[in-house]
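Comments concern the structure below.
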Amino acid sequence: MLCSSSERTRETLKRISAGLRAGVEVRTEERLYTASARDLLDRLHEVDARVRSVMLIGHYPALQELALSLAGSGVDLRRLTEKFPTAGLATLAFRGSWEELAPGGAELIAFVTPKELEASRAS
């Protein structure tokens with residue numbers, strides 16, 4: 001897990017940490033605080049090839065721009081284009097190594113907003 005060093009992102013991390021399985025490596029990185037979408041992609045390229053998945057906790061608009069850039073296809077692309085709210089979660093999948101991850105090379109497999117989570121808890 002890669003998390004920006006900002007207070008807000010660390011608060012998000014704290015709130016979700018109870019749901020993480022044991023042994024998840026968490027890295028809080030200063031450079032993610034002001035990162036552009038390109039900077040975030042460059043950081044993902046540095047992920048060790050043995051790592052199968054990464055959660056990135058960062059900031060708007062860079063996260064939205066990164067997700068839109070990477071998603072060549074998938075569900076909810078229109079909604080992702082319209083708004084990426086605070087605490088929104090875009091889940092993307094791709095084949096290949098982290099070094100090979102490129103614009104258009106992933107599929108958006110889920111996009112969940114806090115409002116949707118609240119609605120599902122209420123029902």
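Helix-only arithmetic for the chain: the sum of -39500 (n - 2.57) across DSSP H runs with n ≥ 4, divided by the residue total, places the mean residue ellipticity at 222 nm at -9500 deg cm²/dmol.
Label sites at Arg10 and Asp76, each approximated as a point 7 angstrom past Cα along Cα to Cβ, lie 2.9 nm apart.
Using a probe of 1.4 Å on the protein chains alone, the accessible area found for Val26 is around 60 Å².
Geometric descriptor of the stretch 81-122, per residue, is 93 Å³ (volume of the convex hull of the Cα atoms). Sites listed here are trypsin sites (Lys or Arg not before Pro) in the stretch 1-107 whose DSSP assignment is loop and whose Cβ has at most 11 other Cβ atoms within 10 Å: Arg21, Arg50, Arg52, Lys83, Arg95. Seen from a random direction on average, the alpha-carbon convex hull of the stretch 1-41 projects onto 3.1 square nanometres.
Ile57 exposes around 20 Å² of accessible area when a 1.4 Å probe is run over every protein chain in place. Per residue, the chain exposes 67 Å² of accessible surface when a 1.4 Å probe is rolled over the protein heavy atoms with every protein chain present. Can you give the net charge of the other residues whose Cβ lies under 14 Å from the Cβ of Ala102, counting K and R as +1 and D and E as -1? Result for the neighbourhood of Ala102: -2.
Per-residue SASA remark: Leu117, around 90 Å² accessible (1.4 Å probe; ligands, DNA and RNA not included).
The values are calculated or read from the model by the stated rules, or taken from the named source; none is laboratory data. Not measured: the values here are computed from a predicted model. Every residue, glycine among them, receives a Cβ derived from its backbone with ideal geometry; neighbour counts consider all protein chains shown. What goes into the accessible areas is simple: the full protein's heavy atoms, side chains included, and nothing from ligands, DNA or RNA. Shrake-Rupley method; radii C 1.70, N 1.55, O 1.52, S 1.80 Å.
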